[in-house]
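S.K.: Provided herewith is a single structure, encoded as structure tokens, for subsequent inquiry.
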């Protein structure tokens, strides 16, 4: 009986990690969307200006000419929490190589700051209080990762948990072009 309960719990955990989180904090399956690279013409990334958790204004235009990874996430989202160490590692690896990584979150900034400090995350997180930026990027669930090329065009829109190596490869490919 105990073995059966352990197996059920492992199955539930595996399912939760494999799911993305909807905006209404409901768990729903989300699969990576088709790459925007398949389109013949890539969409220009909508510009925005948001505040960091320290109150500094940051615009997408300030990263012009760089590869940008936008990570739309929430602290209550299990796949987001599982993915965050990868995002931090990529931030550390590429921050001086022409790549900017922004976490974008719509939760209470005090709560988000506490979460980041507790977990020793140092990447810049921008506060999208009214979710207007998430809306302009068609975010339908968390996590959603948007990768923007040096030309300011969206190259990837990935929904759900992503492996670190996949993200690294996509970033490195865009740095070459």
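Any read-out appearing in this document is the output of simple, stated calculations on the displayed coordinates, not a laboratory observation. Just so it is clear, the model here is predicted, and its values are computed rather than measured. No Cβ is skipped: glycine too gets one built from the backbone with ideal geometry, and neighbour counts run over all protein chains shown.
S.K.: Taking 8 Å as the Cα distance limit and 6 or more residues as the minimum spacing, I'd like the relative contact order of segment 106-157 as a percentage. Present the calculation step by step, with values, prior to reporting the outcome.
M.R.: Values: 26 pairs, mean separation 13.2, N = 52.
Answer for segment 106-157 is 25 percent.
S.K.: OK, next. Which order, highest average first, do 123-131, 163-171, 138-146 follow once you tally other Cβ atoms within 10 Å for each residue and take the mean per peptide?
M.R.: On the way: 123-131: 17.7, 163-171: 15.2, 138-146: 22.0.
The packing order, highest mean first, is 138-146, 123-131, 163-171.
S.K.: Kindly state, to the nearest 0.05, the FRET efficiency for residue 177 paired with residue 110, given R0 = 41 Å and r defined as their beta-carbon distance.
M.R.: On the way: r = 40 Å, r/R0 = 0.97.
The formula returns an efficiency of 0.55 here.
S.K.: Mean separation of Cα pairs under 8 Å and 6+ residues apart, divided by the residue count of segment 63-177: what relative contact order is that in percent?
M.R.: Working: 178 pairs, mean separation 41.8, N = 115.
It comes to 36 percent, rounded to a whole number.
S.K.: Report the gain in length on full extension from residue 93 to residue 163: 0.36 nm times residue separation, minus Cα-Cα distance, nm rounded to one decimal. Could you put the intermediate results ahead of the total?
M.R.: Numbers: separation 70, 0.36 × 70 = 25.20 nm, distance 1.54 nm.
This chain segment gains 23.7 nm when fully extended.
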